1. Could you look at the range 2-95 and say what percent of its accessible area is carbon and sulfur, using a 1.4 Å probe and all protein chains?
2. Which order do the peptides 8-15, 87-94, 49-56 take when ranked by the mean count of other beta-carbon atoms within 10 Å per residue, highest first?
3. What number, in percent, do you get for the relative contact order of the chain if the mean sequence gap of Cα pairs under 8 Å and at least 6 apart is divided by its residue count?
4. Calculate the dipole size of the chain relative to its Cα centre from +1 charges on Lys and Arg beta carbons and -1 charges on Asp and Glu beta carbons; express the result in debye to the nearest 20.
5. Which residue, Asp41, Asp57, Asp77, tops the fluctuation ranking in a GNM of the chain built on C-alpha contacts under 10 Å?
6. Projected area of the chain, taken from the Cα convex hull and averaged over every viewing direction, in nm²?
7. What are the residues whose amide H is under 5 Å from the amide H of Ile70, where those residues sit 5 or more places off or on another chain and H is modelled from the backbone?
8. Considering only protein heavy atoms, what per residue accessible area in square angstrom results for the range 18-95 with a 1.4 angstrom probe?
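The values are calculated or read from the model by the stated rules, or taken from the named source; none is laboratory data. Since we're looking at a predicted model, the values are computed, not measured. Positions of Cβ are backbone-derived with ideal geometry, glycine not excepted, and every protein chain shown enters the neighbour counts. Ligands, DNA and RNA are excluded from the accessible area calculation, which covers all protein heavy atoms including side chains. Shrake-Rupley method; radii C 1.70, N 1.55, O 1.52, S 1.80 Å.
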Amino acid sequence: MEITGATHVATHYPPTLSGGEASRVALCRALINKPLLILADEPTGQLDAQNARNIADMLAEINRTLATTIVMVTHSDEISVTAHRIWTLKEGRLQ
C-alpha cells in the first residue's frame, strides 16, 4: 500500500473510496503476489485527469522499480505517452 500511496484507506470500506483511491487499492491487490505481468484494462477510464495521470505515473514507476511488465489498454493519448512501447489497434489489426 505504500507503493501506491493507499495506506490511509487501509481500514476503509470500498463504498467510501474515491475513484483514485479505488484504483490505488486495485493496484495493491494486483501487486500483492509480486507478479511479473499486470494486465490493466482502462485503469484510468473512470478518473479525472489528475488522478488518471497519477495512476499512469504509478504504473510506470512499478515497471521501473519492480521490473513488472505492464500491458495497459487505453483510449487516452495523454496516458499512453507513459508507455515504453505503444501499439495501436486499427481496423482489427495491431500496428
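1. Working: 3710 of 6880 Å².
Here carbon and sulfur together make up 54 percent of the probe-accessible area.
2. Numbers: 8-15: 9.8, 87-94: 7.5, 49-56: 17.5.
Ranking, from highest mean packing down: 49-56, 8-15, 87-94.
3. Numbers: 82 pairs, mean separation 23.0, N = 95.
Taking the mean separation of contacting Cα pairs over the length of the chain, I get 24 percent.
4. Taking the Cα centre of the chain as origin, the dipole is about 320 debye.
5. Checking each option, the largest mean-square fluctuation is seen for Asp77.
6. On the way: hull surface 26.7 nm².
Answer in nm², one decimal: 6.7.
7. HN-HN under 5 Å from Ile70: Ile38.
8. On the way: 5590 Å² over 78 residues.
About 72 Å² of surface per residue is accessible.
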